[in-house]
Amino acid sequence: RDQPHTHQVNNRRLKSIVSIMDYQGQRLAELIFHWIICSFGAVGWVYGYIQQDFTFCFYAWLAGVVISVVLCVPDWPFYNRHPIKWLESVPDRRPKQQQGAKKDEASKNNAD
């Protein structure tokens, strides 16, 4: 039993490839998104009002959406400054027979 289970190996590979944005990073991404969308929309609206053409407002808003998607959708490293420290898993203390009986009971309930 020196080798890890395949799900443990896959989990390690997944963690090495995908980093998960922490809660403060999610908040920061949302703030950046809102500020970019609102500021580009406001500037586009003012410029469109001056030019008397709504398409300027739309194009400015569209540019803001593209910039905010590039900045907010990928999981950039500055969104992971406060990593979440999870608790270690607690081993199941029930006897093996009791665990098997609960699984059988659950499968019977799901079959109904």
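The values are calculated or read from the model by the stated rules, or taken from the named source; none is laboratory data. Since the structure is predicted, the reported quantities are computational estimates derived from the model, not experimental observations. Neighbour counts are summed over all protein chains in view; Cβ atoms, including those assigned to glycine, are modelled from backbone coordinates with ideal geometry.
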Q. Taking the stated definitions as given, is Ile67 under 19 Å from Leu31 (Cα atoms) and in contact with a Phe, Trp or Tyr (Cβ under 8 Å, 6 or more places away or on another chain)?
A. yes
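How about the range 24-51: which of its residues are of a type outside the set (D, E, K, R) and exposed (fewer than 12 other Cβ atoms within 10 Å of the Cβ)?
Listed by number, the residues that qualify are Leu31, Ile50, Gln51.
Report, by residue number, each residue of the range 72-83 that is in a helix (DSSP H, G or I) and either modelled with pLDDT under 85 or loosely packed, with under 14 Cβ neighbours inside 10 Å (or both).
Pro77, Phe78
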